[in-house]
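The values are calculated or read from the model by the stated rules, or taken from the named source; none is laboratory data. All values derive from a computational prediction rather than experimental measurement. All Cβ positions, even for glycine, are placed from backbone atoms using ideal geometry, and neighbour counts span all protein chains on display.
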Amino acid sequence: MVSSQDDVIESTDIVSLISKYVPLEKQGKDFKGVCPFHNEKTPSFMVSPEKKIFKCFGCGASGNAVGFLMKYHNIPYQEAIKELYQFNGLEYKIRTNSKTDHLKKYYEIMSKAVEFYQKNLEFSEDGRRAKDYLIKRGLDENLIKEFKIGLAPQIGDILYSVLKKLGFMELDIADVGLIDKNDNGYYDIFSNRIMFPIFDEYDNPVAFSGRIYRDEDKAKGQPKYLNSRETVIFKKGETIFNLNKAKIEINRKKRIVLHEGQMDVLASYRAGIKEAVCTLGTALTNDQIKIMAKYTNHAIICYDGDSAGVHASLRAIDMFKNNGFVVHLCLLPKGMDPDEYIKNYGQDGYLDYFDNNIIDPLQYKFDTAFIGRDLNDLEGLNEVKNIIFSNVLGESSAILREDYIKKLATKLGSSYEAVMKDFIAFEQTHAINQGYNIVKPSNVKKEEFREDIIPQNVKHKIWKDICEPDLIFLGLQGKDIALRIDKEIGNFMDGFSPAGQKLWMKLVNEYYVTYDEFIEGYFVKLLNSEDEGKLYLDIGAYKRKNWTENMMNDEEIEKCVTKLMIVSIKGKMSQTRAMMNSAIDAKQKLLLAQRMQSYKKQEHSLETKLKKRN
């Protein structure tokens, strides 16, 4: 008798299930077909009825029956397990969730608002003018309908009146940020704006981004975009525009393209880059990156080439890397955005440029160092050299460092020997920031570890070697404890080694999204790099020597988390110190000094907390 979701997954005839979607042919004990997750001519997609898993040897996709349904339909776990129950002829009893039930009415209100704005764009006099604007910007009728773009009318309470007639309550409409109240009563928050509906990753409408389109509104100095305020269903720092549509292409291409704004996304989307997304008027957040990590670990940043876009790109590079991503960038020429490039060179020209100008982060930092700086001016020349020297200094590869010194010499019209001499002088006076090396966990046992007599720099190295495998090993014990650790360590994940970060992201953002219990065979199939697999084996060997029941103690877990947070802050302080040493601008030095002071306060607070624990 089937008694649990795990039993349903194990009892599913995975060959029969996948055959509904993919033609399969028997090959020995297994079955083979053309992979549905990437384009291929020669079949490399295998299904094992014995192991009850699928695996593509072309794109690396793998998993069990419920994992296949999630990936094929781009649906969350609960929807996939429901479909699996139906496939097996079983009744699926949904677990009641009062919070989810409470949100349904808000999604219904937002859906009706989307329909209202669409109809106003389609049938009103102002709608024709707004549609002309959109068409001039390169959108066509199909794209307007596909993205459900609409128009907020001039009169300030029409949407409110429509929603009231449909039976919705004023407070509920206000709760989703569509109306507000003054002395005259309720009024619509959005007016005279083209409305881009914003959906969460599961295709629920949660907010709007309204864009002005009339010259008279521009003349009044109104903001170009007005986004919904944060509500019970909308958190800006946890929402990504177009992710609901982009998921399929992200899965297929194994990458996500990050733009600055909605019009950039639409321009890329209509040109064929359907994996394009953007944030919503806020800087990129770790929460948004963790959501992206459910679908890929490869990001291509394509921000504007102006100073603000470059600054945002440099910040995003570090954030993605700290979350275990492979990062590339595309810098459009002359500060153009995608829409402007397409107008000048066409969609084919844009695709050709994009595909042939994807660069790695070090190349991007090299290229952008020259933007806005005069090489004929001594101050500008020194700024460029210091920026590039700082970036090169963080690279462990001697060949790569030499290559970029040669590039700089060519760019400056100087000899390699002269630039290398300057670099060596810079290296001798600046802190080296090489991040964290992938290390095998230390053999030092806790009972042999006297913190009071060990130098600080050694102590923090040992903290990393002990606490990283401890926390990862604890995360392998169950979903609840892994999610708790993930929440507590928050923005200090760079206390882990790069391999540790990737392994942790696999565990929390891939494995535990699908499974509620840890099953080693399923988890190992997700590991697709040598350093992930090696660290997993190292942790197993380390814990067989050092595991004690006391590790599950709340106090011990808290100590480990706190120590790795301190390690993370130490790394940030080292980076900031190097930047201070190379900074020339007084304002920049002041900002860096303030940042350093903030880190010192955090470090002191955590050290105090740790002493109390001890």
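Per the listing K411, K406, K365, K321, the residue uniquely more than 27 Å from the chain's Cα centre (by Cα) and crowded, with 16+ Cβ neighbours inside 10 Å is K411. Residue count for region 397-419, restricted to those that are in a helix (DSSP H, G or I), closer than 27 Å to T576 by Cα and among the hydroxyl-bearing types (S, T, Y): 1.
The set of residues in region 571-614 that are basic (K, R) and either at positive phi or modelled with pLDDT of 85 or more (or both) comprises K600, K601.
Only one of K506, K543 is at pLDDT below 75 and closer than 23 Å to F473 by Cα. Can you tell me which? Explain how you work it out, then say what you get.
Working: K506 fails: at pLDDT below 75.
None of the other options fit; the residue is K543.
Just a yes or no: is a residue in region 322-344 over 21 Å from E260 (Cβ atoms), of a type in the set (A, V, I, L, M, F, W, C) and part of a helix (DSSP H, G or I)? The answer is no; no qualifying residue exists.
Is it true that Y269 is crowded, with 23+ Cβ neighbours inside 10 Å, in a loop (DSSP other than H, G, I, E, B) and hydroxyl-bearing (S, T, Y)? When the stated conditions are applied, Y269 does not pass them.
Filter region 139-184 down to the residues that are of a type outside the set (S, T, Y), surrounded by fewer than 15 Cβ atoms within 10 Å (Cβ to Cβ) and in a helix (DSSP H, G or I) and list them by number. E141, N142, K145, E146, K165, E170, L171 - these are the residues of region 139-184 that are of a type outside the set (S, T, Y), surrounded by fewer than 15 Cβ atoms within 10 Å (Cβ to Cβ) and in a helix (DSSP H, G or I). For S307, the stated conditions do not hold, so it cannot be described as in contact with a Pro (Cβ under 6 Å, 6 or more places away or on another chain), in contact (Cβ under 8 Å) with a residue 60 or more places away in the chain and at negative phi. From the list L280, L226, which one is more than 12 Å from the chain's Cα centre (by Cα), within 24 Å of A312 (Cα to Cα) and assigned to a loop (DSSP other than H, G, I, E, B)? Just one listed residue meets the conditions, L280.
Would you check which residues across region 91-105 are modelled with pLDDT under 85 and not aromatic (F, W, Y) and list them?
To start, the set of residues in region 91-105 that are modelled with pLDDT under 85 comprises 91-102.
Scanning region 91-105 gives E91, K93, I94, R95, T96, N97, S98, K99, T100, D101, H102.
Is it the case that D516 is acidic (D, E), over 30 Å from I388 (Cα atoms) and either assigned to a loop (DSSP other than H, G, I, E, B) or modelled with pLDDT under 60 (or both)? Answer is yes for this residue.
Residues E417, E395, E427: which one is at pLDDT below 80 and farther than 20 Å from P361 by Cβ?
Values: E417 fails: at pLDDT below 80; E395 fails: farther than 20 Å from P361 by Cβ.
Exactly one residue qualifies, and that residue is E427.
Residue-level check: of (1) at pLDDT 80 or above; (2) under 23 Å from L526 (Cβ atoms); (3) more than 22 Å from the chain's Cα centre (by Cα), Q78 misses just (1). Listed by first and then second residue, the pairs linking a residue in region 542-564 that is in the same structural domain as E488 (by TED's automatic domain parsing) and crowded, with 18+ Cβ neighbours inside 10 Å to a residue that is of a type in the set (V, I, T) and modelled with pLDDT of 60 or more, with Cβ atoms under 6 Å apart and 6 or more places separating them unless they lie on different chains, are V561/I489.
For (1) among the acidic types (D, E); (2) out of contact with any strand residue (DSSP E or B) (no Cβ under 9 Å at 6 or more places or on another chain); (3) not in a loop (DSSP other than H, G, I, E, B), each residue gets a yes or a no:
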site	(1), (2), (3)
Y364	no, no, yes
G372	no, yes, no
G380	no, yes, yes
V384	no, yes, yes
N391	no, yes, yes
E395	yes, yes, no
F426	no, yes, yes
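Does E115 qualify as being in a helix (DSSP H, G or I) and within 17 Å of L166 (Cα to Cα)? I'd like the intermediate steps shown before the answer.
Values: in a helix (DSSP H, G or I): yes; within 17 Å of L166 (Cα to Cα): yes.
When the stated conditions are applied, E115 passes them.
Going by what's in this entry, would T296 be described as surrounded by fewer than 21 Cβ atoms within 10 Å (Cβ to Cβ) and closer than 23 Å to F196 by Cβ?
Working: surrounded by fewer than 21 Cβ atoms within 10 Å (Cβ to Cβ): yes; closer than 23 Å to F196 by Cβ: no.
The answer is no for T296.
Residue-wise test of (1) closer than 18 Å to I519 by Cα; (2) out of contact with any helix residue (DSSP H, G or I) (no Cβ under 8 Å at 6 or more places or on another chain); (3) of a type outside the set (D, E).
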| residue | (1), (2), (3) |
| --- | --- |
| Q5 | yes, no, yes |
| T12 | yes, no, yes |
| V15 | no, yes, yes |
| P23 | no, yes, yes |
| K32 | no, yes, yes |
| F37 | no, no, yes |
| E40 | no, yes, no |
| S44 | no, yes, yes |
| V47 | no, no, yes |
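A search for C-beta distances below 7 Å between a residue of region 238-260 that is closer than 15 Å to A316 by Cα and modelled with pLDDT of 90 or more and any residue that is surrounded by fewer than 19 Cβ atoms within 10 Å (Cβ to Cβ) and not acidic (D, E), counting only pairs 6+ apart in sequence or on different chains, returns I240/I291; I256/T296. Residues of region 36-52 that are among the hydrophobic types (A, V, I, L, M, F, W, C) and modelled with pLDDT of 90 or more: F45, M46, V47.
Suppose the filter is farther than 25 Å from Q501 by Cβ and assigned to a helix (DSSP H, G or I); does Y353 pass it? In short, yes.
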